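Here the structure is laid out as structure tokens; the discussion comes afterwards.
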């Protein structure tokens, strides 16, 4: 029934000539074609002149082309075709081998970018429809909610949340066959939280439906297929937006994380280890629920920042698609802020919220991410460190312009973002104060209890329970505490540079700086620091972020075309 209902959409897909596999043999011949069959001894290709069987002992090189299968439900999945027969297509993807019934395959493409929509849906309209549909759903106006869900799906056919909610609405309206169809579409679009599917009372009318039972029985296959499709959509969207780098995919099955990156194996292993340790400690000490759905982590190259991120934005996490995008912005690292950890905290926190069925207030969501963006792991404990956000909240406190706690706790996202600089800083230091008193875990556990959450959506009462004192008293003491804190010094070399052919040309030298005392001159070209090549001014910031005030950094310099070495003692940025 799923194929019948979606046939109209499937017929709109255009067939594109597929790229073939390439095989080279010992005698120097080269053959291009689609794999018809493969055994331990032989490989059979279908080329332009018919079928050809090749003895595998004669093959010296084989390249499998990346192919995109457009499925009958409108979704796509990319991988290498291992075998294509009358009954099934076997596809090797980054997420494992998928066996897809031939009847589910509408087209075999060689152009993954075909998966990208020609016109993106208006995000503001999508958010508005989600809010309106949710209100109607909660008011038990399931017919009204369904109309809005279907409008959403017209705008964004791969919106897994809208597809799932449409399935719930159909189920509650007694339309069980349609509910199963939309539930399958939701799973195909990436909604693979099968624990939620099994426990959601909205789907109780479907428990005996054959299609529903079949879906649950094939959970492992659906999870792999949905993850592969999500990766294909993400990569196509990145290309559509203008990303130029050649991104690779690494699947961490144990953690349920998919990395999209350009790093070497060694550098990726370092990044993964950092996040693994961070997640382990957070799941032990704060969040009770781990990732249920695959999380995509996109680590952008510096050149692709502008394609995916607004100017000044270091990254973002989209809980609807479970995609985390992080830019390469050395300036943030210099200010003791780790954008990857910030967004990864969001992913962990949203997974915990989803498992509990609790939407937490914006001050807590951004407060936790901002708290841990500047934290280090010491003796198996996460220790938050002061960052540049401290000066923002201190300046507001001195002027008497800090946000009243009762007000910030009641803010929605729009009001929070109106004064984002202060709101982020203050939310961080409210939680920092709580952490320093050893009360963060107690507060979070109190707030997330089902009975507490229902009557305390802002977390105000839980704050008071954690401290055992009225909120106004805690806020007063917090102001005095904030003003006593000291922001860590930020290292400063004392030059302004511009990108040059061989490195970074010095354009300005600050009087009295370490650069001036070391003898650097305007016109010098900085080519490396401590052995690390310098390509542009961001590289200089990245080098500084790895040092402290007072450290001596050795720069390789070109002066008038002649190489020399200059040692600079880093000062403090004022």
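Just so you know, all these numbers are worked out from the coordinates, no wet-lab data involved. Here the structure is a predicted model, which is why all the values come from computation and not from measurement. Cβ coordinates were reconstructed from backbone atoms using ideal geometry, including for glycine residues, and neighbour counts include every protein chain displayed.
Which percent, to the nearest 5, of DSSP beta bridges fully inside the chain are antiparallel? List each step's numbers first, then the result.
Values: 73 of 81 bridges.
Around 90 percent antiparallel, to the nearest 5.
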Over its alpha-carbon atoms, the range 113-234 yields an Rg and a Dmax in Å of 14.3, 41
Relative contact order in percent for the range 372-436 (Cα pairs under 8 Å, 6+ apart) equals 29 percent
Expected sort for 419-426, 22-29 on mean C-beta neighbours within 10 Å, highest first, is 419-426, 22-29
Scoring the range 246-484 by relative contact order with C-alpha pairs under 8 Å, at least six apart, yields a percentage of 15 percent
Going from the fewest other Cβ atoms within 10 Å to the most, one would list 526, 300, 471 as 471, 300, 526
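Report, to two decimal places, the Cα Rg of the range 185-276 normalised by 2.2 N^0.38 Å (N = number of residues). Show your work: numbers first, answer last.
Working: Rg = 17.0 Å, N = 92, 2.2 N^0.38 = 12.3 Å.
For the range 185-276, the normalised Cα radius of gyration is 1.39.
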Note: residue 499 to residue 479 extended length (0.36 nm per residue) minus current alpha-carbon separation gives 2.8 nm
Counting only DSSP beta bridges with both partners in the range 246-484, the antiparallel fraction in percent, to the nearest 5, comes to 60 percent
Reduced to Cα centres, the span from the range 445-467 to the range 376-434 in Å works out to 19 Å
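Report the Stokes-Einstein translational diffusion coefficient (µm² s⁻¹, integer) for the range 389-502, Rh taken as the Kirkwood radius over Cα pairs, at 4 °C with viscosity 1.567 mPa s.
It comes out at roughly 81 µm²/s.
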Length gained, residue 469-residue 410, 0.36 nm per residue minus C-alpha separation, equals 19.3 nm
Taking the alpha-carbon centre of each part, the distance from the range 472-525 to the range 301-321 in Å is 25 Å
Of the candidate values (1) 94, 72, 49; (2) 77, 69, 42; (3) 126, 62, 56, the one computed for Cα extents along the principal axes in Å from this structure is (2)
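Just subtract the alpha-carbon distance of residue 24 and residue 535 from 0.36 nm times their residue separation and send over the number in nm, one decimal. Let's see the in-between values first.
Details: separation 511, 0.36 × 511 = 183.96 nm, distance 4.00 nm.
Gain on extension, residue 24 to residue 535, equals 180.0 nm.
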Going fewest to most other Cβ atoms within 10 Å around each Cβ, 304, 538 line up as 538, 304
What the 5 Å binned alpha carbon P(r) of the range 245-373 shows, as percent of pairs per bin from 0, is 2, 10, 20, 26, 21, 13, 6, 1
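Could you tell me which of rounded, prolate or oblate describes the range 322-452, using a ≥ b ≥ c as the square roots of the eigenvalues of the alpha-carbon gyration tensor, with rounded for a/c under 1.5 and, failing that, prolate when a/b is larger than b/c and oblate otherwise?
rounded
Would you please give the FRET efficiency between residue 460 and residue 511, computed as 1/(1 + (r/R0)^6) with r the Cβ-Cβ distance and R0 = 41 Å, to the nearest 0.05?
On the way: r = 51 Å, r/R0 = 1.24.
For residue 460 and residue 511, the calculated efficiency is 0.20.
Using alpha-carbon pairs under 8 Å, 6+ residues apart, how would you state the relative contact order of the chain in percent? Walk me through the intermediate numbers first.
Details: 967 pairs, mean separation 42.0, N = 574.
Computed over the chain, the figure is 7 percent.
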Quick shape summary for the range 491-572, equivalent ellipsoid via Cα gyration tensor, semi-axes whole Å in descending order, reads 17, 14, 11
